[in-house]
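Working notes for the structure below.
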Amino acid sequence: MSRYIPQTDEQKIEMLRETGFSDISELFSEIPEDIKLKRKLGIPGPFSECELMGHLRQLAGNNISTDDHAFFLGAGAYDHYIPSVVKHMVSRSEFYTSYTPYQPEISQGMLQAIFEYQSMICELTAMDVSNASMYDGATALAEAARMACGAARKNTVLVSRTIHPEYRQTLRTYGRFCGFKIIEIDYAQGITDLDKLQDNITDDIAAVLIQSPNFFGAIEPLDEIKPIIGERKIMFIVCADPISLAILEPPGSFGADIAVGEGQPLGNPLSFGGPYLGYFAVKEEHLRKMPGRIVGQTVDSNGKRGFVLTIQAREQHIRRERATSNICSNQALNALAAAVYMSVMGKEGLKETAVSCAQNAQYACDKLVETGSFERVFSAPFFREFVVKSKKPVSELNKKLLENKIIGGLELEKYYPELENCWLLAVTEKRTKREIDLLSSVCEGRCGE
Amino acid sequence: MKDTKTVFEYSVKGRRAVDAPARDVPARPLDELIPGGYLRKSPAQLPEISEVDAVRHYTGLSRRNHGVDSGFYPLGSCTMKYNPKINEDIAALSGFANVHPYQPEETVQGCLKLTCRMQEILAEITGMGAFTLQPAAGAHGEMTGLMIMKAFHENNGNSGRTKVIVPDSAHGTNPASAAVAGYDIVEVRSDERGNVDLESLKNVLGDDVAGLMLTNPNTLGLFDENILKISEMVHGAGGLLYYDGANLNAVMGICRPGDMGFDIVHLNLHKTFSTPHGGGGPGAGPVGVKKELGQFLPGPMAKQNGDRYYLEAPGPLSIGRVKSFYGNFGVIVKAFVYILTMGADGLKHASETAVLNANYLMHKLSGDFVIPYKRICMHEFVLSGEKQKENGVSTLDMAKRILDFGFHPPTIYFPTIVKESMMIEPTETESKETLDDFAGTMLQIAKEAAEEPEKVTGAPHNTVVARLDVTLAARKPKLKW
Ligand SMILES: Cc1ncc(COP(=O)(O)O)c(C=O)c1O
């Protein structure tokens, strides 16, 4: 009946007999009769592989994918090219069918891969220590805020309004229940308003949270934040896109205490929003306050190099309610994908990809502004994503683009009511000049009318 | 044998594994686009390797890793069942894998339909009223569920309910999640049958209690027979009952948390519903609630209107959002395919067989190991290495010895209420032959522990590295290359 259950009927009878039972139902005799389900579950199935493949292919066919259309949509999830080797390596089933490497002697593969992941994240961010991943960028940021409040025994954080709206929503949820307050700092010219930041800095603040490149794609003046914080005991938390860090000065260079971010752009497919991974890296002095699993190098009893889970006294399985976090399962396989991606892109490849994003985005922005139907909204420099204000409603543009096999940008007004008719467009290295030109001409009304 | 090289040790200046992306837009100097002060001064020292290097390196690493596909993996509480291959293929279909979370609704009808169906199916399997698929793992689900509990009490004007009761047998995430949700934790004892001690429960119940978290079957692998009484007591005191669904694999189609009286439930799709554990994740931890609590669920939720599917923004009572986007969709696809593969009878058959396998194995080991609770076990059981410990052989030693035989050891030293505990969960996807093999190995190790203990205490002998020094790792942390 069920293809994943190898026991035959004869074997089951034999096993029952040997164990001292006559019928399978006896195994459930300790469950009170009152709560036993007296009917069959009302769910579909069973289906053969062949039927399922047909059915699910059809369902998948009802979605438009990056294979079908050219995407100019980003806003926290990006359509970068993923080299084939990434998929092949994470498909090694010794990796993906294993679990948390509790038994290091037979888990050296995953442990070493995570150690290398941590190393590469530290390189990109210029931080000292990385954990083995958080659920995603939003929860990584929320955990960073929690960590800062817990460490300083304070309960207010300053959060730039240029941070991804869903990250701020997540922060609010964590804040409401974990007991920290959020003061949002407005923006000016597409970047955090530093005067307002300055006005709100007091000794009661646990942390300052800034995203760069921010939700508008703009690069924040991270060099000016630390001087505002001054000597106060306030953690500086930077949420940074990992690809951008191949060409932008990293959080560590600006004195960040914690660097977090969404790791999806590092070799993970869009997958309708997940599974992704949050990276989380800190300065050495914060190591023992950090959430999540950490892999460290050690030696075996013969002095040979090996890797283990370490500094576990922070974690829930040991510390229970006093743990630094409740996280247990994380996003290890996504971190593995990120590790493979970073190692095949390499020092030069990742830089070239980042440069291509910047070049393509600049070209697209200029091209749209040239049409006369758009104007730039903010003057701040940007990396891969930018905001333009359209003369026509953005929703209409997106509809017209869809007819031309283009997925347009995000309607910013949904998240920032003051940004009427503003459009957030992402241009990765995958976009070609032809696609960008088509975007611009459809917007001008030259095609598809 | 030499150490295995790290990826950094393959690096040779100028070597590469990818071609430069074709760039056909007019190139401008980078510092014209981005002011020089923002540009990186010293490059990130990522490796410089070829594609062949990468493939050899990661393939080599994979061979130093034990997964369910390599062999038996009876890691208690983790439900390491077989991960069907078709699930992987379907989740990788471009129409699922290469879809952006913010695309127009009309271009993601397939994703939304699947999400809706999954919400309904999970509600039916657990007997709950509504489900969110947003939480990323079990612990994240616990946190979400406890936030819902708190929002519910606050909405009723009961902000004085500041405590959550957790049994002493509970998984570490239970108290940790309760703490993240802003609760104080009260522990209750387990009685001599391994159930929640009712007297102890009675003593802690009061109007400061928000609820009780329970795993049923619990982490001893035992079904708490007093569940209806517990439910009556907790509800009587104005609290809610939270179900940690980590052990649902024992009872699918047999009984449902909703019918046991639970108000809030999380599931671990990576356990019960066959999605791979990925070396530590990703999982998915959907949360279900009784109908009355539906308004507190995080949002957005997938909804259906005729044959159109859409996302509905959370209402005013919702706890808000617990992560970006809609959850680990790729994992949800795999679990959906699994459920459709099995159907109602198949899921029940899986639970029955999981329980049979566990009882069979427990029976085989009961002569040589201490079984602390002499009861029928559910999908897993806990034994104690006390007897072997008398001879200087710890449960850790035995776990290391198990490695020599090509098996993954059981969970060890959890639950903490059993001395030298070993928690064994065979799952339904293992054959009688595998169980017999494993039992044979365990009996041999018990014999070794009695007759030649050094063989066990010096284990492992056949692994790629010998026993690793975890103390050194923690004392002198080397956490990056
Ligand atoms: C009983 C129990 N509860 C909760 C969890 C936490 O689940 P996750 O690792 O998905 O966060 C586990 C995980 O092992 C568990 O065994």
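The values are calculated or read from the model by the stated rules, or taken from the named source; none is laboratory data. Treat the numbers as computed from the prediction; the structure is a model and nothing was measured. Glycine also receives a Cβ, built like all others from the backbone with ideal geometry; neighbour counts cover every protein chain displayed.
A compact table of results
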{"quantity": "Segment B:197-226: number of residues that are β-branched (Val, Ile, Thr) and within 16 Å of the ligand (Cβ to nearest atom)", "calculated": "2"}
{"quantity": "Residue match in segment B:48-61 (condition: part of a loop (DSSP other than H, G, I, E, B) and of a type outside the set (A, V, I, L, M))", "calculated": "yes"}
{"quantity": "Single condition A:ALA281 does not satisfy, out of (1) within 30 Å of A:GLU429 (Cα to Cα); (2) away from the ligand (no atom under 16 Å from the Cβ); (3) in a helix (DSSP H, G or I)", "calculated": "(3)"}
{"quantity": "Filtered residues of segment B:163-202 (kept if of a type in the set (D, E, K, R) and in a loop (DSSP other than H, G, I, E, B))", "calculated": "B:ASP168, B:ARG189, B:ASP191, B:GLU192, B:ARG193, B:ASP197"}
{"quantity": "In segment B:299-319, residue nearest to A:GLU166 (Cα to Cα) [restricted to those that are among the hydroxyl-bearing types (Ser, Thr, Tyr) and in a strand (DSSP E or B)]", "calculated": "B:TYR310"}
{"quantity": "Residue tally, condition β-branched (Val, Ile, Thr) and surrounded by fewer than 21 Cβ atoms within 10 Å (Cβ to Cβ), over segment B:413-424", "calculated": "2"}
{"quantity": "Some residue of segment B:386-398 being surrounded by 24 or more Cβ atoms within 10 Å (Cβ to Cβ) and within 9 Å of another protein chain (Cβ to nearest Cβ)", "calculated": "no"}
{"quantity": "Failed item, numbered, when A:PRO269 is tested on (1) within 11 Å of another protein chain (Cβ to nearest Cβ); (2) assigned to a loop (DSSP other than H, G, I, E, B); (3) touching a Leu at 6+ places or on another chain (Cβ under 9 Å)", "calculated": "(3)"}
{"quantity": "From the options B:GLU454, B:GLU428, B:GLU433, residue that is without any contact (Cβ under 8 Å) to a residue 40 or more places away in the chain and either within 11 Å of chain A (Cβ to nearest Cβ) or part of a loop (DSSP other than H, G, I, E, B) (or both)", "calculated": "B:GLU433"}
{"quantity": "Selected residue (only one of B:GLN103, B:GLN119 is of a type outside the set (Val, Ile, Thr) and either in a loop (DSSP other than H, G, I, E, B) or within 16 Å of the ligand (Cβ to nearest atom) (or both))", "calculated": "B:GLN103"}
{"quantity": "Checklist (1) in contact with a Leu (Cβ under 6 Å, 6 or more places away or on another chain); (2) modelled with pLDDT under 95 applied to A:ALA358, failing item", "calculated": "(2)"}
{"quantity": "Hits in segment B:387-418 (condition: within 17 Å of B:GLY367 (Cβ to Cβ) and out of contact with any helix residue (DSSP H, G or I) (no Cβ under 9 Å at 6 or more places or on another chain))", "calculated": "B:GLU390"}
{"quantity": "Any hit, segment B:380-392, residues being part of a loop (DSSP other than H, G, I, E, B) and of a type in the set (D, E, K, R)", "calculated": "yes"}
{"quantity": "Filter pass, B:LYS229 being touching a helix residue (DSSP H, G or I) at 6+ places or on another chain (Cβ under 9 Å), at pLDDT 95 or above, surrounded by fewer than 24 Cβ atoms within 10 Å (Cβ to Cβ) and closer than 25 Å to B:GLU192 by Cα", "calculated": "yes"}
{"quantity": "Pairs, first of a type in the set (Asp, Glu) in segment B:248-272, second in a helix (DSSP H, G or I), C-beta under 7 Å, six or more apart", "calculated": "B:ASP259/A:ILE35; B:ASP263/B:LEU293"}
{"quantity": "Among (1) within 10 Å of chain A (Cβ to nearest Cβ); (2) within 18 Å of A:THR170 (Cβ to Cβ); (3) within 16 Å of the ligand (Cβ to nearest atom); (4) in contact with a Phe, Trp or Tyr (Cβ under 8 Å, 6 or more places away or on another chain) - the single one B:PRO286 does not satisfy", "calculated": "(1)"}
{"quantity": "Complete set of residues in segment A:284-315 that are touching a Lys or Arg at 6+ places or on another chain (Cβ under 8 Å) and assigned to a loop (DSSP other than H, G, I, E, B)", "calculated": "A:MET290, A:PRO291, A:SER301, A:ILE311, A:GLU315"}
{"quantity": "Count - residues of segment A:203-223 that are in a loop (DSSP other than H, G, I, E, B) and in contact with a strand residue (DSSP E or B) (Cβ under 9 Å, 6 or more places away or on another chain)", "calculated": "9"}
{"quantity": "Test: residue in segment B:292-313 that is within 16 Å of the ligand (Cβ to nearest atom) and either within 12 Å of chain A (Cβ to nearest Cβ) or surrounded by fewer than 24 Cβ atoms within 10 Å (Cβ to Cβ) (or both)", "calculated": "no"}
{"quantity": "When residues of segment B:150-186 are limited to those that are within 23 Å of B:GLY76 (Cβ to Cβ) and more than 9 Å from every other protein chain (Cβ to nearest Cβ), the one nearest to the ligand (Cβ to nearest atom)", "calculated": "B:SER169"}
